[in-house]
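The numbers here are math on the coordinates, done by the rules we state, and not lab data. Here the structure is a predicted model, which means the values were calculated and not measured. Quick reminder, even Gly has a Cβ in these numbers, built from the backbone with ideal geometry, and neighbours come from all protein chains shown.
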Amino acid sequence: SAVISQKPSRDICQRGTSLTIQCQVDSQVTMMFWYRQQPGQSLTLIATANQGSEATYESGFVIDKFPISRPNLTFSTLTVSNMSPEDSSIYLCSVEPYTSSGLANYGYTFGSGTRLTVV
Amino acid sequence: GENVEQHPSTLSVQEGDSAVIKCTYSDSASNYFPWYKQELGKRPQLIIDIRSNVGEKKDQRIAVTLNKTAKHFSLHITETQPEDSAVYFCAARKENDYKLSFGAGTTVTVRA
């Protein structure tokens, strides 16, 4: 399965500022996903990032608040903009592996997460 | 989107006993069902998955069963050990979609 390096691992930010989270994958992947996980809660999908196209956002999440970049098949960033304390959460990236024979439909893996605290 | 319900929300078992977690899904087009284990402060880790053309899959002490007719799937952990204590998430993915829909999670505590 793919190995994902996510950074930063944690940060404490002032309200009104922005934080950019990076995910680097050790192999080419077609789909990258960004999740938010509130303490003690399940994973909520923010958006799906496909290389070469605009990210697709889930209901309740907008591009102005969570802009995403996907410049190539191994890298993506999520920015949390104009932060408020309600944005305090763990943010995780995830990938679905891509193989030369087509999309693999198993083995979604996760980055180690970014624990964000907004004060 | 797909709706996945997971039960129970918490489960406490004696070491050596079995643990069973059940998930139901709403869309009959779902065809891939992974289970993740998340230890405190760690990332979710895939522990086992099953596709809709299979009814059961085992990996040592872990097994997953799928009932497509009833639209539910279950995780079975036998001979539980303290290191099995974690939060477990089920998920489902629809055919021709790439997104996983997650259940709410089950906190499993194995009592020594």
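Per residue, the convex hull spanned by the alpha carbons of the stretch A:1-46 comes to 120 Å³.
Each Lys and Arg contributes +1 and each Asp and Glu -1, all at the Cβ; summed about the Cα centre of the protein assembly as shown, the dipole is approximately 120 debye.
Name the most mobile residue of B:Gln60, B:Gln14, B:Gln81, meaning the one with the largest mean-square fluctuation, in a Gaussian network model of chain B with Cα contacts below 10 Å. Looking only at B:Gln60, B:Gln14, B:Gln81, the biggest GNM fluctuation is shown by B:Gln60. When chain A is treated as a GNM with alpha-carbon contacts under 10 Å, the residue of A:Gly40, A:Gly16, A:Gly52 showing the greatest mean-square fluctuation is A:Gly40.
Give me the base-10 log of I(q)/I(0) for the protein assembly as shown at each q in 0.08, 0.12, 0.18 Å⁻¹, Debye formula, one uniform scatterer per Cα, rounded to two decimals. Debye output, listed in q order: -0.30, -0.67, -1.36.
Distance distribution note for chain B: the fraction of Cα pairs above 26 angstrom is 14%. For the cross-link pairs B:Lys57/B:Lys94; B:Lys22/B:Lys94; A:Lys7/A:Lys65; A:Lys7/B:Lys22, the ones whose C-alpha atoms lie over 22 Å apart are A:Lys7/B:Lys22. Selection among B:Ala63, A:Phe110, B:Ser12 by position relative to the dipole of the protein assembly as shown gives A:Phe110 as farthest towards the positive end (Cβ unit charges, Cα centre). Here the Kirkwood formula, the inverse mean of 1/r across different C-alpha pairs, assigns the stretch B:1-44 a hydrodynamic radius of 13.0 Å. Over chain A, Cα pairs under 8 Å with separation of 6+ residues give a relative contact order of 37 percent. Taking +1 at the Cβ of each Lys and Arg and -1 at the Cβ of each Asp and Glu, which of B:Ser85, A:Phe75, A:Val95 sits farthest along the dipole of the protein assembly as shown towards its positive end, judged by Cα position relative to the Cα centre? Going by the charge dipole, the pick is A:Phe75. Counting only cysteine Cβ atoms and a cutoff under 4.7 Å, the protein assembly as shown contains unmatched residues A:Cys13. Coupling constants for the stretch B:86-92 follow from the phi torsions by the Karplus curve (6.51 cos²θ - 1.76 cosθ + 1.60, θ = phi - 60°), and in residue order they are 4, 9, 10, 10, 9, 8, 9 Hz; glycine and proline get x.
Its relative contact order, with pairs defined as Cα atoms under 8 Å and 6+ residues apart, puts chain B at 37 percent. Each other residue within a Cβ distance under 14 Å of A:Leu116 adds +1 if Lys or Arg and -1 if Asp or Glu, for a net charge of +3.
The charge dipole of the stretch B:46-112, taken about its Cα centre with unit charges on the Cβ of Lys, Arg, Asp and Glu (plus for the first two, minus for the last two), comes to roughly 260 debye.
Could you tell me the center-to-center distance, by alpha carbons, between the stretch A:26-78 and the stretch B:83-112 in angstrom? If we compute the Cα centre of each part, the gap is 20 Å.
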